[in-house]
Amino acid sequence: MKTILLYGLTGTGKSTFCKYVTEKYNYKVVQVRRLFESVVGKDKAATVYHELLNKTNSRCAWLDLISKDIISCIENQKIAVIEGLFTVEESKWFKNISDVTIIYLENKNDKVRTMRFCERENLPLESGMVKMGNSDMGRIDAGVPFAKNSADYIIINDNSLEEFYNVIDSLVNKIC
């Protein structure tokens, strides 16, 4: 099985990427955070994650907890796309269970990222900026930008949607 590990900061196009490859290529998308929440409970997920991290000193303990669920989700798939908040340690964890290609999405235009986020979340600009900033800080604290260095591909998503789709198509052709 082949797996695409997809990550990046808020508003860089992760959801758009997933929707596109699901519709065009019929790839399965696994949102591991949602999978984790379904196992431990959405309200308890952050607490359980931090308890596991403190107990084991491993950013992968939460993945170990749901490893059978993850494997079940990606088995028998031509390609599965795993979307979530990943660090270098978590990326290595996935490499132990699947043939992984790591894609990091980036958009260097904060204004565009903010507008995309506000549109997606149906929020006015001011409150969207605050919520996105908090989301970014969580990802930065977790080391997402540092994981960029371990990516197989970096997609800069600063242009039109059509151009983004063309980049995705090109990448899918390379990976498959």
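Read the figures in this text as sums done on the coordinates, not as results from a lab. Bear in mind that the values here come from a model prediction, so they are computed numbers and not experimental data. Please note: Cβ atoms are built from the backbone with ideal geometry, for glycine as well, and neighbour counts cover all protein chains shown.
Remarks
- Viscosity 1.567 mPa s, temperature 4 °C, Stokes-Einstein D of segment 1-41 from Kirkwood C-alpha radius, µm²/s: 112
- Cα-only Debye scattering, the chain: base-10 log of I(q)/I(0) at q = 0.10, 0.15, 0.19 Å⁻¹: -0.38, -0.89, -1.42
- Placing +1 on each Lys and Arg Cβ and -1 on each Asp and Glu Cβ, with no other charges, gives the chain a dipole about its Cα centre of roughly 220 debye.
- Within segment 15-86, the percentage of alpha carbon pairs spaced more than 21 angstrom apart rounds to 31%.
- Mean separation of Cα pairs under 8 Å and 6 or more residues apart, divided by the residue count, gives the chain a relative contact order of 34 percent.
- Axial C-alpha extent at least 15 Å, average Kyte-Doolittle at least -0.5 - helices from the chain (DSSP): 45-56, 125-142, 161-175
- Of the trypsin sites (Lys or Arg not before Pro) found in segment 69-153, the ones in coil according to DSSP and having at most 13 other Cβ atoms within 10 Å of their Cβ are Lys78, Lys108.
- Ranking Phe94, Thr10, Ile82 by how far each Cα lies toward the positive end of the dipole of segment 8-104 (charges on Cβ) leaves Thr10 at the top.
- Note on the chain: helix-only mean residue ellipticity at 222 nm, from DSSP H runs of 4+ residues weighted -39500 (n - 2.57) and normalised by residue number, equals -17500 deg cm²/dmol.
- Structure note, pairs Lys19/Lys42; Lys42/Lys78; Lys55/Lys95: Cα-Cα distances above 27 angstrom occur for Lys42/Lys78.
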